[in-house]
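Any read-out appearing in this document is the output of simple, stated calculations on the displayed coordinates, not a laboratory observation. As the structure is a prediction and not an experimental result, all values here were calculated from the model. Here Cβ is always computed from backbone atoms with ideal geometry, including for glycine, and neighbour counts include all displayed protein chains.
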Amino acid sequence: MTALMNLHPFSDGNGRVGRLVFHWTLNRTRKAPALLPLSELSDLSRCGYLIRLRQAQYHGEWEPLLAYLVLVAQRFLDGRSVERWGAS
């Protein structure tokens, strides 16, 4: 997904394409499709997401980004309220 974000040729952003690829990857082997509201959830902690995204892009440190996405998914799927949380 991060590589796609860097390659996206349009100046108006690339969120829709990235979310489409993310959900396709998430659901390609599932019987019951899942939809995670990524844009809404990432807006709650935009800095935390961007920091982790840059770590993956520029330093090859993928674990913080993956852990962040897992945390976001867990909070959503558990039905817990998603509050602002920073980079940790």
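Ordering 56-67, 24-35 by mean Cβ neighbour count within 10 Å, with the highest value first, yields 56-67, 24-35.
Each label was represented as a point 7 Å from its Cα along the Cα-to-Cβ direction; for residue 71 and residue 16 these points are 3.0 nm apart. Computed extension gain for residue 54 through residue 23, at 0.36 nm per residue and net of the alpha carbon distance, reaches 9.0 nm. Treating r as the C-beta distance of residue 32 and residue 63 and R0 as 35 Å, the FRET efficiency rounds to 0.80.
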